[in-house]
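Report on one structure; see the data block that follows.
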Amino acid sequence: MKNIQKEKTLIVIKPDGIQRSLIGEIVKRYERLGLKLVALKMFVPKSDFIEKHYTVDLNWRMANGEKTIKAYRDKSLTPPTDDPMEMSAMTLEKLKKYMSSGPVVAMVWEGAHAVQIVRKITGGTEPLTSDVGTIRGDFVLDSYQISDPTGRAVRNLIHASGSIDDAEKEINLWFKPEEIIKYNLVQEHILYDVNLDGILE
Ligand code: ADP
């Protein structure tokens with residue numbers, strides 16, 4: 001069995017997150033949870049790289065298209081198309097523009113249930129319906145209804161891997177193995193040790 005405490009996930013602060021001066025706020029949210037930052041870099045991604053990133057998961061096109069169509073229907077709105085593959089093809093083109101429009105901060109965070117817990121505090125894709133208290137819910141107000149007709153991607157500050165499998169593929173794409181640092185954090189004792197021996201003098 002894999003060591004759950006060593007689970008890793010990819011987080012990317014998207015160009016709007018940098019422009020909104022939210023790097024510190026976003027990093028703080030993951031850091032205070034108890035996760036460990038093991039890699040970090042800032043650069044301007046190329047559009048081809050973004051296509052590779054979103055298509056490492058072979059199911060992404062279908063899942064993204066279905067999710068968007070459902071989001072429209074849930075609000076009694078008519079989606080731009082009923083075909084999920086056509087919907088996600090449109091989204092991918094917008095995403096390539098959005099994600100290559102300026103610098104991003106890419107990070108790898110490690111810790112117990114890193115993938116799931118990061119998705120939870122990041123919040124749902126569409127800020128209009130992201131839960132209160134999540135990063136997307138607290139710091140941005142976009143919706144498909146306003147982004148789609150203007151031909152841009154929904155601005156939601158962050159990318160976070162959707163599954164353990166995607167996280168492994170995405171981390172391989174964004175980082176070289178030597179860029180991921182193996183080190184101990186003192187707080188890991190309080191997070192994971194069976195006994196809290198050694199606190200009292
Ligand atoms: P998530 O980022 O929450 O995992 P997806 O992988 O489905 O969501 O979508 C990738 C990104 O594409 C989203 O974060 C968002 O920026 C953008 N996006 C998704 N669907 C749409 C859409 N229908 N219209 C505009 N932008 C979209």
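The values are calculated or read from the model by the stated rules, or taken from the named source; none is laboratory data. Bear in mind the structure is a predicted one, so any value in this text is a computation, not a measurement. Neighbour counts run over all protein chains shown; Cβ positions are idealised from the backbone, glycine included. The area values use the complete protein model at the heavy-atom level, side chains included, leaving out ligands, DNA and RNA. Shrake-Rupley method; radii C 1.70, N 1.55, O 1.52, S 1.80 Å.
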Self-check item: Residue pairs meeting the criteria (Cβ under 7 Å; at least 6 apart or on separate chains; first open to solvent by 10 Å² or more (accessible area, probe 1.4 Å), in segment 1-15; second of a type in the set (D, E, K, R))
Solution: 6/110; 7/110; 8/110
Quiz prompt | One residue from 97, 67 being at pLDDT below 95 and part of a helix (DSSP H, G or I) | solution = 67
Exercise. Pick out the one residue from 48, 57 that is assigned to a helix (DSSP H, G or I), closer than 23 Å to residue 165 by Cβ and among the charged types (D, E, K, R).
Key: 48
Quiz item: If you take the residues in segment 158-179 that are over 14 Å from residue 107 (Cα atoms) and not in a helix (DSSP H, G or I), which one is farthest from the ligand (Cβ to nearest atom)?
Solution: 163
Quiz item: Looking at (1) in contact with a strand residue (DSSP E or B) (Cβ under 8 Å, 6 or more places away or on another chain); (2) open to solvent by 70 Å² or more (accessible area, probe 1.4 Å), can you tell me which one residue 104 breaks?
Solution: (2)
Quiz prompt | Answer residue from segment 89-138, given it is closer than 20 Å to residue 163 by Cβ and hydroxyl-bearing (Ser, Thr, Tyr) and is farthest from the ligand (Cβ to nearest atom) among those | solution = 134
Exercise. Please determine, by comparing only the residues of segment 139-153 that are more than 8 Å from the ligand (Cβ to nearest atom) and in a loop (DSSP other than H, G, I, E, B), which one is nearest to residue 18 (Cα to Cα).
Key: 140
Quiz item: Is there a residue in segment 77-87 that is without any contact (Cβ under 8 Å) to a residue 24 or more places away in the chain, assigned to a helix (DSSP H, G or I) and within 11 Å of the ligand (Cβ to nearest atom)?
Solution: yes
